[in-house]
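Here the structure comes first, spelled out in C-alpha cells, and everything after it is commentary.
The values are calculated or read from the model by the stated rules, or taken from the named source; none is laboratory data. Given the structure is predicted, the values throughout are model-derived calculations rather than measurements. Cβ placement follows ideal geometry from the backbone for every residue including glycine, while neighbour counts extend to all protein chains displayed. In case anyone asks, the SASA skips ligands and DNA or RNA and just uses the protein heavy atoms, side chains included. Shrake-Rupley method; radii C 1.70, N 1.55, O 1.52, S 1.80 Å.
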Amino acid sequence: MFKKVCLFLLLIFCQAVSGQNFSYTRYDIKDGLAGSNVYAAIQDKQGFIWFATETGLSRFDGVHFKNFTTEEGLPDNEILNMFCDSKGRLWLLPFRKSLCYYYNGKLHTQKNDSLLKRIRITDNIFFIAEDKNGTVAIGELSKIHLIKGSSVREIELQRRVTYITAMACDSSGIIRVNIRSYQQDTIYMLSDNKLIAKTSLSSGNRVYNMALGKSFLVTKEAGRTDFKSFSGDSRSLNQLKIHINFSILSDSLFSDNTHDGSFVYNCNNPFYNIHYLPGKTVSSVYKDNEQNLWFCTQREGVYKLNSPFVYGQTVKDPSGKLLGVYSLLKNNGIVWIGTEEGYIFSLQPSTGKINKEPYTKGLTGNPRNSLRVLLKTKKGELVLGLQGYVKKTNSINYKTEGSLKDLANAYDNNIIVSTSSGMWVIDGMTLKESDTLWQGRTTAGYYSDGIYYIGTLEGLYLATRDKQIKYAGEKDSLLRNRIAAIRQSKDGTFWIATYDKGILIYKNSKLIDQISKKNGLSSNICRTLFIHGNNLWVGTDNGLNKVNIGDKDYPIIKYTTADGLISNSINTVVADDSLVYVGTPEGISYFDDKKISPQASCVLRITDISAAGNSLEVDVVSGKYKALALARKENNIRFEFAGISYRSGGEMSYRYKLIGLDTGWHATKENFLNYPTLSPGDYVMEIQAINKFGIGSDVIRVPFTINKYWWEKIWVGGLLILLLAGILYLVVSWRIRRIRKRENEKNQLLEQAVLMEHMALKAQMNPHFIFNSLNSIQQYVVDKDVVGANRYLAAFSRLIRLTLDNSSKSAISIAEEIKYLSQYLELEMMRTDNKFSYTINIPEEILESDHTISPMLLQPFIENSIRHGILYRKDSEGHIHVKIKQYENGLRFTIEDNGVGREQSAFYKSKTPIKYQSKGIVLTKQRVDLINRNKTEKVKICITDIKNEIGAIEGTRVILDYPHSN
C-alpha cells in the first residue's frame, strides 16, 4: 500500500521533477485531421470524438478520420465550438453567423431544416447548453434562443450594454447564464423561458474570462485564477502563464489553457495541479468517457494523453546526453537502473528522483561497455554486468572473455556468466572463475536442479554439472531458434524467449506449448522476461506484454506507446506487486498495472451500409437495426464500421458472421466487409469489435433481405413449370400421335405384306396338293377302277372347293378347319386303300366358339404323318388322331400317328428314290414365322417321337399352340 501511495504522490507532484514527462499521441493533417488549428473536441452519444478546426470538422473513431467541409453541407469550414444534446444531436457553432447540427448521418442547416429556418440569428453564436427538460439554449452575445421540441423562443438582452460571457447546465439540471453589464457579472438561472438573477460577482477586478461547471465557476482576473463553488467555497490559483480559456473536464476538474500548455486543477484537492504539454499553445481540453484527455492546440493538431497512470523519465549522462536503459533491478525499495556507456542510477519511487551512482566509476563513457545486467545474488549482494566486466559495488571485478550477454544465479552462491565467447561459472563472493561450461557464443543462461540451460544462436542446450551436454533442438525444431532469455516459474516450467518464434514453454525435458503473435503477442521478437506471481512480463521490439500463465489459454494484455510507454522497444522489465518498471532506449517508464486500463471500453458502430454503390438509410430503434429490403440488383453490399476504444490506441479486431451464408465466425482487422454477389434470400450480418484488452462490444445485428427478380419468384417458377409442362405435354402428345400414325401405317403395310406372303405360300401349296391328288386319280385309271375313280374325283372336287374358299380368307373358324381336315383325311384314305383310320376329338364348346385359325395350317402336318409315317407300315392298321383343347393362352392342336417314326422314315427315304420334294412343312414353318412377326405371344410347334414303356418308337406327335391374340 505504501508503494502505491508513493507512486500516487509522484504523479501529483510530477511537474516539479526534472526529466519526467507524459506520453502523448499526436494527430495532425498527415493522420487525416481536417486542420492543424483545433478549437474544440467533444464525444457524441455513439462514442465518436469530434474536432472543430479552422478548416473543417473531423470525426474520429480511434483509427480513422472522416472530415466534413462546405462540400458536405457545412455552412462554414471554420467551426469554433460544439455541443451534444440528450437526443444525440451534435450542434455546431460556425465562425459565420449561422447554426447547424449533425444527426443520424446527416447535416441539418438553416437551408434544409424547418426548425433551424425559424431561428433568427443576428450575431455569432458562442454558447449552447441543455436543461433537464430537454430545452436547448443557444446563446449569441445579446440573445438566447430556446428550442424545445418544435417550438422556438427568444430572450433578447439590451445590445451593446449587456452580453453573455458563459452558459452551462448545473448539477440540478438548470441552465446558468453569466451576463456582464457595466463591468458587473451576474449569474442568472434560466427558468420558464425567463432569466432570474441568482448571484452577483463583485471582485473589484475585471473578469477577463469565465467558465461555468455543474457545481462551480472559474474566472480569470488580473494575474490570478479564481475558483468559486456554487455552495460558497472559493480559492485563488496563482497562474502567471498567458491565459487563453478554461475547459470544464468533470464535476471537479477544469483546465487553464495557456500558451505554455494546460494546467489541470481539482476543485476538491488544492494540491492537484498537473502541467500538460509545456511549451504548446492549448486551445481547449476534453475528457472522454474513458477518462482520456484530448488537448486541442493551435497549429499542432490534437494530442491525446496516452495514460495519466504511466509515467516516464529520461536518463542522461552528466553532459545531458540521453541514455538508453538496458537493465533494471528492484532491491530494498530502490530501483537500480543500468544504462548504456556503463552508468548506474538509483530511482526513489517515493520522489521520482534519479541519482547517478559511483559504482561504475572509471568504466563509464564507453559506448561498448553498457551496463547490460543487474543481478542480486543469493546472499543479497548487487552484481553489475557490463559488456566487458562483472563487478560488485565494491572494487571487485571480473573481466569477461567476450561481450557479456547474461548473468544468472547458480548453485550455492555461484553465478553463471554468458558471453559472446562462452559460459563460465564464477564465485559470487570473489567473482573468481571456477569452471568453464561452454565454448562458443551464448545468448542467455539459467541454472535449476543441477542442470545448466544454455541459450545460443542455434537454440537451447542442457548441461549437467559434470558437463554432459544435450541438444534440446534434436527433439523439436522450435528449440533450434535463437534464445534471448530463460526464466522458470514456481511450478518448474521454463519460459524461453526467442528472437523470432515468440515464447517457448518447456517442462520435463520437452516442449509443451508456444505463445506467439497468433495468440496475441505483440511481436515474435522477444528481448526480455520477468515473472511475478502468475504474470509473465515479456518485452519485445513492439511493446510490453503481460501473459497470465495461471490461465491455460494464456490471455495477453499489451502495452505500447499508445498506453503511455516512452518507447515500444523494451530492453528490460521489473514488476513489484502492481508496480511495473520498463527500460527502453528512450528512458524508463513505470506505472500501476491495476490503474492503467480501469475504464477501457469497446463500442461498435456501423458507419455506413451501401448496396450497389449507394448508401442506404437504416432505421435504428433502441439500438436494433430494422430489416433492409434490397432489390435483386442490389446484391453487392458493403458494411463499414468502427470499433471505438481510445485506450486501445487503434488496436482493434473484429468478429463477423453472415447468417444465411456463414456457419461460423470469421476474424478481420479491417473496418469494412464486402459481399459482391449475394444470392437472393434472408441474411443477418453480425459484427463484434474486440479491443486490445480483450473487451468485446455488443454484437450488432443487421437483418436484410435480397429479393428475387420477378421471374425468380416461386409463383413465377411454378407458372413457368406448368407452362413448360403443358408445352411438353402437347409436344409429346403430338409426337406420340405421329409415331402411332407411322406405326399404324407401318403395321398396315406389314400386315398387307404378311397377307400377300400367306397368299403366295398357299398358292405354292395348292398346286402341290393337286399334283398329289392327280397322281391318285391316275392310279385309279391305270387300275381301270372307274367307280373308285369317280368317287375319288367327287371327293377331290369337294376338297378343291374348300381349298379355294379357305385360301381367300386370312382366318377361318375351328369348324371350318375340322371340316377341311376331315375331307382331306377321307380323300387320303381312299387314295391309300384305307391303309389308316383317323379320329378327331374336339370339345363342343370349342367347336361352337369364335376361335379362329389361319387356314391350312394343320393339313401339312397330317399329310406328313401319312406320307412319312403311315405309308411305311407293312399293315393297314395306321391311325391318325387329332385332338383340340383349350390351354391358358389359346388352343392346343395335337396330331398323333402310329407310323414308323421319324428315324425309320428317314432310313426308308434314303433307300427309296424321291420323285418329288414335298414343301408343305417348310412352307408352314415360314407361315408361322410370318404370323409370329411383331407378336408378343407366339405360335409354337413341337414335334416329338411317341415311345412306349421300353423306349421303342411307336409314332410321331405334333403339338401346335395357337394363341388367342393371333
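Given the conditions (1) surrounded by 18 or more Cβ atoms within 10 Å (Cβ to Cβ); (2) over 29 Å from the mean Cα position of the chain (by Cα); (3) closer than 19 Å to Ser448 by Cβ, report the number of the one that Ser509 does not fulfil. Looking at each condition in turn, Ser509 falls short on (1).
Exactly one residue among Ile687, Ile706 is touching a strand residue (DSSP E or B) at 6+ places or on another chain (Cβ under 7 Å) and either free of Cβ contacts under 8 Å to residues at least 12 places away in the same chain or over 19 Å from Leu630 (Cα atoms) (or both), and that residue is Ile687. Tell me, which residue of the stretch 269-284 that is in contact (Cβ under 8 Å) with a residue 40 or more places away in the chain and in a strand (DSSP E or B) is nearest to Ile248 (Cα to Cα)? Out of the qualifying residues, it is Ser284. Taking strands (runs of 3 or more DSSP E) as the structural unit, those lying wholly within the stretch 91-177 and holding at least 2 residues that are surrounded by 16 or more Cβ atoms within 10 Å (Cβ to Cβ) and of a type in the set (Gly, Ala, Ser) correspond to 136-140, 162-169. Here Val580 passes the criteria (1) within 16 Å of Ser648 (Cα to Cα); (2) touching a residue at least 40 places away in the same chain (Cβ under 8 Å) except the one numbered (1). All conditions in (1) open to solvent by less than 40 Å² (accessible area, probe 1.4 Å); (2) without any contact (Cβ under 8 Å) to a residue 12 or more places away in the chain hold for Leu825, with the sole exception of (2). Only one of the listed residues (Phe494, Phe530) is closer than 23 Å to Ala410 by Cβ and open to solvent by 20 Å² or more (accessible area, probe 1.4 Å). That residue is Phe530. Looking at this structure, is Ile566 within 22 Å of Lys490 (Cβ to Cβ), at pLDDT below 95 and not assigned by the TED database to the domain that holds Leu305? So Ile566 does not fit the description; no. Assess whether Lys214 counts as being over 52 Å from the mean Cα position of the chain (by Cα) and among the basic types (Lys, Arg). Here the answer is no, as Lys214 does not meet what is asked.
Quick one: is Tyr303 open to solvent by 40 Å² or more (accessible area, probe 1.4 Å), at pLDDT 95 or above, part of a strand (DSSP E or B) and among the hydroxyl-bearing types (Ser, Thr, Tyr)?
no
The helices (runs of 4 or more DSSP H) found wholly in the stretch 850-964 and carrying at least 2 residues that are open to solvent by 50 Å² or more (accessible area, probe 1.4 Å) occupy 902-911, 920-932.
Gly694 meets the conditions (1) surrounded by fewer than 20 Cβ atoms within 10 Å (Cβ to Cβ); (2) at pLDDT 90 or above; (3) not aliphatic (A, V, I, L, M) in every case but one. The failed one is (2). Residues that are touching a residue at least 40 places away in the same chain (Cβ under 8 Å) and in contact with a Gly (Cβ under 6 Å, 6 or more places away or on another chain) were ranked within the stretch 50-76; the one that is surrounded by the fewest Cβ atoms within 10 Å (Cβ to Cβ) is Val63. A single entry from Ile505, Ile531, Ile556, Ile525 fulfils the requirement of being of a type in the set (A, V, I, L, M, F, W, C) and closer than 25 Å to Ser645 by Cα: Ile556.
Okay, residues lined up against (1) in contact with a strand residue (DSSP E or B) (Cβ under 8 Å, 6 or more places away or on another chain); (2) closer than 22 Å to Thr53 by Cα:
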position	(1), (2)
Asn269	no, no
Tyr272	yes, no
Tyr276	yes, yes
Tyr286	yes, yes
Gln291	no, no
Gln298	yes, yes
Tyr303	yes, yes
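Being touching an Asp or Glu at 6+ places or on another chain (Cβ under 6 Å), of a type in the set (Asp, Glu) and more than 18 Å from Ile706 (Cβ to Cβ) is the requirement here; does Glu651 meet it? When the stated conditions are applied, Glu651 does not pass them. Number of residues in the stretch 234-247 that are touching a residue at least 24 places away in the same chain (Cβ under 8 Å) and either part of a loop (DSSP other than H, G, I, E, B) or surrounded by fewer than 21 Cβ atoms within 10 Å (Cβ to Cβ) (or both) equals 6.
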